[in-house]
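Worksheet: the structure to be examined is printed underneath.
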Amino acid sequence: MLEKIREIYKEVESIVIENAEQLEKFRIAYVGRKGVIADLFENLRNAPPEDRRAIGAELNNLKNLAQDTFTQNRDRLENEQTQTGQPAPVDLTLPGTPNQLGAVHPLSIVRARIVEIFERIGFNVADGPEIEDDWHNFTALNFPPNHPARDMQDTFFVEKNPDIALRTHTSSVQVRLMENGKPPFRAIMPGRVYRNEAISARAHCLFHQVEGLYIDENVSFADLKQTLYYFAKELFGKDTKIRFRPSFFPFTEPSAEIDISCFICKGKGCNICKYSGWVEIGGSGMVDPNVLSNCGIDPEKYTGFAFGMGIERITMLLYQVKDIRLFTENDVRFLRQFGPVS
Ligand code: PHE
């Protein structure tokens, strides 16, 4: 054993360490807990008791030599590096550190798809403020003064001022668009809206809508139907059917709810469409002549249609998300399922 120790001693004495890599190899081979010297210490137990002392002393010398060699070389290498001002040589073949990619929010994915479909048929994107006055959110849109939608239960008023509120729908952007321009108008208006509702799996006080407006001479209900039919086929698949149910909105006459055939069960009936074969995606109608004149547009000359859809609702249908609250909880386990940014 003594012989082995001396042999290693010589090895360590004559070792040349030129870079960090060699230093690390040296550390593992001699200084580390799994190195040869540690092994020898283990074997010391098997040496004849009368020799143990002498061997132990030699072994300690070797250990100190290895430790000193390591620290000296380490200090020298560090020193060299700071003196030359050069960083240690970089291994360019090492793989890079991958960037952590985020995921696009599902509502953003669906909004972008909706925008893209309408842009293809000539609609521009328009925008408006989320804090609105009574005129743009209600009065110009033909809401009678005592209409329940103005009620405190539905609307968040700002600082108890009954004239200023968080917009309850994107229809307020229609008004701004018409007031500030001249027909024809062909625009869609995606945006955030607020309603004072109890939060549940199906309803939230904050959600997104996309409004559409088309005003020109001779625009008819047939244009409304074809536009939405095209949209439904593009978004939900080419076999999608569309149906209109009579409805009421103060700002459209006639008005209709828009249903699409259930794209999950293809109309056969499933729990998504509640076994009816149809799912509702929004409201629509021909812009009421009162709204046109409120916005300075001659209702004798121009007609138009408007529609509004909930982006959460469409996203929940497309991805079968069962709870609207998931969209605002920012749980990455939910968000990551929609794939990384591509
Ligand atoms: N603004 C309506 C709502 O929020 C939707 C709608 C828009 C209906 C445009 C008809 C026309 O429910």
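Consider region 165-196 and keep the residues that are of a type outside the set (D, E, K, R) and open to solvent by 50 Å² or more (accessible area, probe 1.4 Å). The one that is nearest to the ligand (Cβ to nearest atom) is Asn196. Checking each residue in region 229-243 for being surrounded by 19 or more Cβ atoms within 10 Å (Cβ to Cβ) and either of a type in the set (D, E, K, R) or more than 27 Å from the chain's Cα centre (by Cα) (or both) picks out only Ile242. In this structure, does Gly308 turn out to be among the small types (Gly, Ala, Ser), at pLDDT 95 or above and on the phi > 0 side of the Ramachandran plot? For Gly308, the condition - among the small types (Gly, Ala, Ser), at pLDDT 95 or above and on the phi > 0 side of the Ramachandran plot - is not met. In region 301-327, of all residues being more than 18 Å from Tyr214 (Cβ to Cβ) and open to solvent by 70 Å² or more (accessible area, probe 1.4 Å), the one that is nearest to the ligand (Cβ to nearest atom) corresponds to Arg313. In region 46-75, the residues that are more than 10 Å from Leu2 (Cα to Cα) and outside the structural domain of Asn19 (by TED's automatic domain parsing) form no Cβ pair under 6 Å with any partner that is open to solvent by 40 Å² or more (accessible area, probe 1.4 Å) and not in a helix (DSSP H, G or I), whether six or more places apart or across chains.
Here region 244-296 is the region considered, the condition is being open to solvent by less than 60 Å² (accessible area, probe 1.4 Å), part of a loop (DSSP other than H, G, I, E, B) and touching a residue at least 60 places away in the same chain (Cβ under 8 Å), and the residue that is nearest to the ligand (Cβ to nearest atom) is Phe251.
In this structure, is Cys295 at pLDDT 95 or above and either in contact with a Ser or Thr (Cβ under 6 Å, 6 or more places away or on another chain) or not aromatic (Phe, Trp, Tyr) (or both)? For Cys295, the condition - at pLDDT 95 or above and either in contact with a Ser or Thr (Cβ under 6 Å, 6 or more places away or on another chain) or not aromatic (Phe, Trp, Tyr) (or both) - is met. Here Phe143 meets the list (1) surrounded by fewer than 12 Cβ atoms within 10 Å (Cβ to Cβ); (2) assigned to a loop (DSSP other than H, G, I, E, B); (3) not acidic (Asp, Glu) almost entirely, failing just condition (1).
The values are calculated or read from the model by the stated rules, or taken from the named source; none is laboratory data. None of the values given here were measured: they were computed from a predicted structure. Please note: Cβ atoms are built from the backbone with ideal geometry, for glycine as well, and neighbour counts cover all protein chains shown. Accessible surface is based on the protein model in full, side chains and every heavy atom, while ligands, DNA and RNA are left aside. Shrake-Rupley method; radii C 1.70, N 1.55, O 1.52, S 1.80 Å.
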